[in-house]
Amino acid sequence: MKKIWLALAGMILAFSASAAQIQDGKQYTTLETPLADGPQVLEFFSFYCPHCYQFEEVLHVSDSVKKKLPEGVKMTKYHVEFLGTLGKDMTQAWAVAMALGVEDKVTVPMFEAVQKTQTIQSVADIRDVFIKAGVKAEEYDAAWNSFVVKSLVVQQEKAASELQLQGVPAMFVNGKYQLNPQGMDTNNGMDAFVQQYADTVKYLVNKK
């Protein structure tokens, strides 16, 4: 029993030490104007953004954040339309992915089609990525101009506008805290960076 209590005490102290190192103005900033009614953990990205590709497919930041989130808390991802010639269409396509619940299925092939093979030149090419990823053509077509998808597009645009978003990737917590990657630990390798990034999100979720 004593060993269990010591182990628990050690975990609490470790968390406290980690939390003590997280500071406003360093790993995150507090927004002057909070986002009302936004997702609790919200990440903005673009398939045209090289850093977003690194975050998602090389560093696996999103996966690390998800693993740290308390039970019942989910991370929502919004696409921005201010990058790339098909940025607006990509945002609509992401709304389709959200509506159909296939975000995980299309993320990697879409990133690769845009940034590796550079085969996305039209709206039809975007559709092809979804079909090749296993989404039924009729489901994609039905969703494309649906009310749900149009609403999700507006939702993404509105959030980006209200937050005065200028770059991606960008992570917000509780609508009032923005992660600051430049303030994270990069002296001890990228694993330490990712760990601190995820720890900061967890800290801010609990901070409210």
* Asked: Within segment 50-63, which residues are in a helix (DSSP H, G or I) and among the aliphatic types (A, V, I, L, M)?
  -> Val58, Val61
* **Criterion (in contact with a strand residue (DSSP E or B) (Cβ under 6 Å, 6 or more places away or on another chain), under 30 Å from Lys207 (Cβ atoms) and outside any helix (DSSP H, G or I)) met by exactly one of Lys77, Lys66** => Lys77
* Could you tell me which of the residues Phe47, Phe111 is under 17 Å from the mean Cα position of the chain (by Cα), part of a loop (DSSP other than H, G, I, E, B), modelled with pLDDT of 95 or more and buried (at least 16 other Cβ atoms within 10 Å of the Cβ)? => Phe47
* Just one of (1) surrounded by 13 or more Cβ atoms within 10 Å (Cβ to Cβ); (2) over 20 Å from Lys66 (Cα atoms); (3) at pLDDT 95 or above trips up Ala124, so point out which. => (1)
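Residues are listed down the side, and each one gets a yes or a no for (1) under 21 Å from Asn206 (Cα atoms); (2) in contact with a helix residue (DSSP H, G or I) (Cβ under 9 Å, 6 or more places away or on another chain); (3) among the basic types (Lys, Arg):
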| site | (1), (2), (3) |
| --- | --- |
| Asp141 | no, yes, no |
| Val148 | no, yes, no |
| Ser151 | no, yes, no |
| Lys158 | no, no, yes |
| Leu163 | no, no, no |
| Gly167 | no, yes, no |
| Met171 | yes, yes, no |
| Leu179 | yes, yes, no |
* State all residues of segment 127-167 that are among the polar types (S, T, N, Q) and either buried (at least 18 other Cβ atoms within 10 Å of the Cβ) or not in a loop (DSSP other than H, G, I, E, B) (or both); if no residue qualifies, say none. => Ser151, Gln155, Gln156, Ser161
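The values are calculated or read from the model by the stated rules, or taken from the named source; none is laboratory data. As the structure is a computational prediction, the values presented were derived from the model and not from experiment. Please note: Cβ atoms are built from the backbone with ideal geometry, for glycine as well, and neighbour counts cover all protein chains shown.
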